[in-house]
Each structure stands twice: as structure tokens, then as C-alpha cells.
Amino acid sequence: MHIEPFANGGCRSYLISCETSGRAILIDPEIHLVERYKAAIARDGLSLSYLLDTHTHADHFSASRQLGATLGVPVVHGRKSPAPFADMRLDDGEMLVAGDVRLVALATPGHTRDSMCFSAGDALFTGDTLLIGGTGRTDLPTGDPEQLYDSLFGRLLKFDPATRVFPGHDYKGNSESTIGQEIETNPRLQKRDRQEFVAMMRELNLAAPTHLTEALRTNMSGGITVEQLLSEAAHTVPFMSLAELHDQLARGANDLTVLDVRERDAFEKGHIPGARHLARGQLELRINDLFPDPTVRILACCEFGKISTLAAATLKQLGFMRAVALDGGMKAWKDAGYALEV
Ligand SMILES: [Fe+2]
């Protein structure tokens, strides 16, 4: 069995493969590493059998649904996972088989209700139940310190001390540890009494993760993040730089219509000379009146360059095949010292 770890910030994911058959399992894929996983799979000639999430992540975005859809690979979750897109749900003690790799599921609630750890040979993939020098927190939705105590002291710490630990997060630059090392040195595991452990977990008072609501929303539903929505829109339209637009306007290019999609009061305070106005919120409702000619070349602009990207993508979907988005927005236009019309 070969284990290739991936790290993005503090998030860890693992590509586990059978060296004879090339069958592989990817644990806790993260959205920003999608191309790196694909490259590693192609480089080693692997065939991905399963995508696995150890639990519903509250602090980062899982790539399992997206990778599952693009690669045609089943997504596997624990039985208690709320995600409707899971193709297979494992109960405690069930096993995934990929070539010689036997990955056994352990239900280890506590960090979340649906947390699972996975054991394969001498390796234990501990998700956020056990971290190197720490444990997962229990103060986020469905967390429970009593259950975490049972999962740690009743299950994980009973593994052979030489068992290698591969956690779902690491913020301190560690790569792996062992159960024995964690029992000896992990500060949270020194509270071996249930009441003391639970009290310690309840008193941690940690700050909420940055993307809590969006991560829970997308990981539980299979929906996409705002960043993905913008990125998907950006892939469907061409862009024009501020300098190029400035030059084209100065040359009097007469086939280009600038469409300002900000709210009316922002438009009236100053806009690109000659720009027309149609707020993003009314785009679909009024576009037919404003642009009866579908061959018109429309360049969408907004304050920061994001809403205009969505507007240009919508225009393209509606059949304005020459829709373009401004690379940047009115803020950058003003900062560059270009002329405004009031
Ligand atoms: Fe987590």
C-alpha cells in the first residue's frame, strides 16, 4: 500500500493505492487541489475506486462530489452523513476494497456526529477525531465532547502503539505520528478522566472557522461555493483589460457598448463615458427592451469585476454571443485616473 499525502494550508488529504493493481482511494479531497489529484492519478497510472470524506467538514470545501461527477467515481461517506450526493454509506466495521488495500471504517463520532476514521494495515486515517498534538474541536454543529472521549479513549487509543496516524488537519508542519507517540505527548490526551476531558473541550473557546456557513452548506448539499460560481462564469466569457477598454473608447470604437450593471445611484455618481445602465437585478427582465439586436457587443462592468462577470455569463447564456466582462471594475477604473461621466 502506498500513501501519498497532500496538504493545502492546514488541510490534509491522502491518496492510498495498491501497488499491484493500481486501484486507489482518495481520502478527504479538497477543492483547491482537484487538478493535483488528477495529475498524481495520471502520473502513477492509478484507477480511482472511491472518494471518501471522513466527515462533514465545517472549515473547508470537499471536492468529492465534483471529482465523483467528473471522474465517474463513487463518493463514500459515513452512515450518519447528511450529504444527499453520497453514493455509498458505511457503517462501523464495514470495509472498502481497492486491490490489496483493505480500508476498514470505524464510527468515531465526537468532532461531528458523522465522523469516521479508517484503518488500513498499520495506518490509521483519523480525520478530525485525532490530530497530531491535538483533537478535533467539539463546539461546531453536531460536535459532542462525550462522544469524542469514547471515540478516542474507547477506540483509537486502543490500537497498537506503533500504528501510524494520518490526521485530517495539521497546522504545525508534522507529517505523521503514531498512536503511542500521541498517547504520550498529545496535550489533550493527558486528560484521561472523562469529566476532565469533557470540561477541557467545553472550555476551549475557539474562534469560528472562516468559511463555516458556506463550508457546511456546500459540503452537506453538494452545492457550489461563491468562488466556484464566479470561476465557472469566468470560464464562459472573454475579458477586456481596463487599458484596452480605455484605448478602444479613445479611438471611438463604435461596435462596443459598455453596460454598467451596478445600482442606479452608483451609476449616477460616475460611470464610464457612454455607458448604458441596467442593474444586475433587472438584467433578465429588461434586456430585451435595451438590446433588441442579439449581435451587439456588450462589455459588462460593475464596481469590483465580479458581478459583471456573472452578468456577462448570463448575457452569453441568453444568446448575446459577443458579451465580454471587464477585467476589474469601476473602482480600478477610477484608481487608474480614467475619465468618468456623470
Ligand atoms: Fe472537521
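For segment 228-335, rounded, prolate or oblate, judged on the Cα gyration tensor with a ≥ b ≥ c (square roots of eigenvalues), a/c < 1.5 rounded, else prolate if a/b > b/c? Walk me through the numbers before you get to the answer.
Working: a/c = 1.21, a/b = 1.16, b/c = 1.04.
The shape class here is rounded.
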Q.
Could you work out how much longer the chain between residue 268 and residue 247 gets when fully extended? Use 0.36 nm per residue separation minus the Cα distance between them, nm to one decimal.
A. 5.2 nm
Q: Assign unit charges at the C-beta atoms only (+1 for Lys and Arg, -1 for Asp and Glu), then state the dipole size of segment 137-281 relative to its Cα centre in Debye, rounded to the nearest 20.
A: 140 debye
Q) To the nearest 0.05, how large is the calculated FRET efficiency for residue 174 and residue 71 if R₀ is 41 Å and r is the Cβ-Cβ distance? A) 0.85
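Relative contact order of the chain, please, whole-number percent, based on alpha carbon pairs below 8 angstrom and at least 6 residues apart.
12 percent
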Q: Give the percent of DSSP beta bridges with both residues in the chain that are antiparallel, rounded to the nearest 5.
A: 55 percent
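Let me have the 222 nm mean residue ellipticity of the chain computed from DSSP H runs of 4+ only, each contributing -39500 (n - 2.57), with the sum over all residues rounded to the nearest 500.
Values: 12 runs with 103 residues, N = 342.
Using -39500 (n - 2.57) per qualifying helix, the result is -8500 deg cm²/dmol.
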**Q.** Scattering curve values for segment 287-342, log₁₀ I(q)/I(0), Debye with Cα scatterers, q = 0.16, 0.25 Å⁻¹
**A.** -0.52, -0.94
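Compute the signed sum of charges (Lys and Arg +1, Asp and Glu -1) over the other residues within less than 9 Å, Cβ to Cβ, of residue 323.
On the way: positive: 297, 316, 322; negative: none.
Residues near residue 323 contribute +3 overall.
Using only the Cα atoms of the chain, build the gyration tensor, take square roots of its eigenvalues as a ≥ b ≥ c, and label the shape rounded, prolate or oblate: rounded if a/c is under 1.5, else prolate if a/b is larger than b/c, else oblate.
The shape class here is prolate.
So which of 269/334; 80/172; 158/191 end up more than 23 Å apart by C-alpha?
Working: 269/334 12 Å; 80/172 30 Å; 158/191 16 Å.
In this structure, 80/172 exceed 23 Å between Cα atoms.
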Q: Specify the angular offset, from 0 to 90 degrees and rounded to the nearest 10, of the alpha carbon long axis of helix 212-221 from the longest principal axis of the alpha carbons in the chain.
A: 80 degrees
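Place a +1 charge on the Cβ of each Lys and Arg in segment 247-342 and a -1 charge on the Cβ of each Asp and Glu, then give the dipole magnitude about the Cα centre in debye, rounded to the nearest 20.
Values: 13 positive and 13 negative charges, 29 e Å.
For segment 247-342, the charge dipole is close to 140 debye.
The numbers here are math on the coordinates, done by the rules we state, and not lab data. Just so it is clear, the structure is predicted and the values come from calculations on it, not from any experiment. Counting neighbours? That spans all protein chains shown, and the Cβs are built from the backbone with ideal geometry, glycine included.
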